[in-house]
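Written below as structure tokens is the structure these notes are about.
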Amino acid sequence: MTAFDTIIKGGTIVTAADRYRADIGISGGRITAIAAELSSAGTVIDAGGLLVLPGGIDSHVHLSQPSSDSSVMADDFQSGTRAAAAGGTTTVLPFALQKKGQSLREAVAAYHAEADGKCHVDVSFHLIISDPTPQVLGQELPALIEAGYRSFKVFMTYDDLVLNDRQLLEVFAVAGLHGATVMVHAEGYDAIRFLSEKLEREGHVAPYYHAISRPEIVEREATHRAISHAEITGIPIVIVHVSGREALEQIRWARARGLKVTAETCPQYITLTAEDLHDLNMDFNGAKYVCSPPPRDAASQAAIWQGLTDGTLELFSSDHCPFFFQDAQGRGKDTPKARTSFRWVPNGIPGVETRLPILFSEGVSKGRISLETFVALTATNHAKTYGLYPRKGTIAIGSDADLVLWDATRQETIRQANLHHGSDYTPWEGFEVTGWPVVTILRGEVVMKDGQILNRPGAGAYISRSRSID
Ligand code: DUC
Ligand code: ZN
Ligand code: ZN
């Protein structure tokens, strides 16, 4: 009889609080011992010279999500979770989107059917509320929150998703009553429409004008409005994909008032700028970078780094929203219709696989953030915010043995050819990083080793969630 199923030997453990040399004993998929020296296991994984981090948690991922136009997501649950595993992420939180007129339960059932038997890593769903009917607010949503769907996203823009102020307030009130967490896409619908139509009238239709149609002020106004609605209804909120200084100022203002506002940012806001949307060769390449909010400028990137280091930004997610660039069936970003206006370019970029290396390299390797902050931003804070902690997001006795063995010195160049996602491009083609995941472990089983995916689709489980930790 061996004492453990697996021992991770000789690595440096890093959590959001500390770092130390120790072995980890795993039995039944959970961490059952942490000690200076452990022996007696079925499998011993040598982590000498490596960091042992909690597996990444990416709490903002879109998979198999339908669009109102003909574009189709480049990742389903199989390819999206394969890419997550390859990038050192062991839990993803995609969205179950309610279409207008659809019952929320029906939407949730449809996403479960999409995910069942396909996932390489663990999965839990946020809901997207697009049609807050009395039935949804009074019955479906409370029942689903009770059943473990403890977070949902609302949109302040997009024709098929936008909620008006009254609807936002109603939804926030239900969240408050039943203890759910609300994520807000804060960009103002009317301002975007006004600016987009003006740009189109002026003949400014190239992808670059996507960024001009959604300036920081549009994000700032909506962030302020969302915060005010949260104050009126007395609920905590999460402002997702914060892109720059103006929204950050609103979040700091809210916190100074004692409001519980959590903020998320993404790799695109520390590495890309609006200039990337420029079609310098008239090849429509700028569409590859069209996402919302759009990437800003160097000053905004500096503001985001400030927010990451001073604790204003607590979540670093990918907002993986993968489309094809050029797809023979006309389902990607580069279509005849999209070439008539930026308005028809699907909004979103792939990033679940590259999130951790980009933050590690730009943050830890360049000395901007500590290892502990890296772990907090990429795993622990997600688990706490969305009710997965301490089962996930840390390295502790009793936690799921979700780990990533990390080579802090390995230099890599991000190349589409080496990635595992379904998209036909990466916005970070040629981007050089220092720091790379070499082994990903999900509940004690090796999922990825040296870029090879080793578990079967369906090994990833659906995780029901409890209330978040304040
Ligand atoms: N919002 C997201 O959260 N993801 C992609 C597109 C968008 O607008
Ligand atoms: Zn959004
Ligand atoms: Zn998103």
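Computed per residue of the chain from DSSP H runs no shorter than four, each worth -39500 (n - 2.57), the mean residue ellipticity at 222 nm is -7500 deg cm²/dmol. Since only Ala143, Phe325, Ala109 are under comparison, the one whose Cα sits farthest along the positive direction of the charge dipole of the range 55-365, derived from C-beta charges on Lys, Arg, Asp and Glu, is Ala143.
By the rule of a C-alpha distance below 24 Å, with chain neighbours fewer than 8 residues away ignored, the lysines paired with Lys9 are Lys392, Lys449. Charges on Cβ only, +1 for Lys and Arg, -1 for Asp and Glu, centred on the Cα centroid of the range 55-365; of Ser70, His204, His178, which one is farthest towards the dipole's positive end? In the range 55-365, that residue is His178.
Rounded to the nearest 20, the Cβ-based charge dipole of the range 113-243 about its Cα centre (Lys and Arg +1, Asp and Glu -1) stands at 200 debye.
Judged by the mean number of other Cβ atoms found within 10 Å, the most tightly packed of the peptides 398-405, 38-45 leads the ranking 398-405, 38-45.
Computed from the C-beta positions of Glu429 and Asp190, the FRET efficiency with R₀ = 41 Å rounds to 0.70. Taking 7 Å steps out from each Cα toward its Cβ at Thr413 and Arg105 produces label points 5.5 nm apart.
The GluC sites (Glu not before Pro) of the range 331-400 include none that meets both criteria, a DSSP state outside H, G, I, E and B (loop) and at most 13 other C-beta atoms within 10 angstrom of the site's C-beta. Rounded is the label for the range 55-365. Its Cα gyration tensor axes, ordered a ≥ b ≥ c, give a/c under 1.5. Protection proxy ranking for 245-251, 174-180, using the average of other Cβ atoms within 10 Å per residue and placing the highest first: 245-251, 174-180. Working from Cα positions, state the angle (0 to 90°, nearest 10) between the long axis of helix 245-256 and the longest principal axis of the chain. That helix lies at roughly 70 degrees to the long axis.
For Ser68 and Ser370, the FRET efficiency from 1/(1 + (r/R0)^6), where r spans their Cβ atoms and R0 equals 45 Å, is about 0.60. Of all lysines in the structure, those lying under 18 Å Cα to Cα from Lys100, and not within fewer than 8 positions of it along the same chain, are Lys153. Taking a ≥ b ≥ c as the square roots of the Cα gyration tensor eigenvalues, the range 83-205 comes out oblate, since a/c reaches at least 1.5 and a/b does not exceed b/c. When DSSP beta bridges are restricted to pairs lying wholly in the range 1-103, around 50% turn out antiparallel.
Measure nothing fancy, just the Cα-based angle from helix 104-115's long axis to the longest principal axis of the chain, in degrees from 0 to 90, nearest 10. The angle comes out near 50 degrees.
Basic side chains Lys and Arg get +1 at the Cβ, acidic Asp and Glu get -1 at the Cβ, and with that the dipole of the chain about its Cα centre reaches some 620 debye. On a straight-distance basis, which lysines could pair with Lys288 in a cross-link, Cα separation under 18 angstrom, same-chain partners fewer than 8 positions away excluded? Cross-link targets: Lys333, Lys337.
Computed from the coordinates by the stated procedures, all read-outs in this text should not be read as laboratory data. Quantities reported herein were computed from a predicted structural model and do not represent experimental measurements. We place every Cβ from the backbone using ideal geometry, glycine too, and count neighbours over all the protein chains shown.
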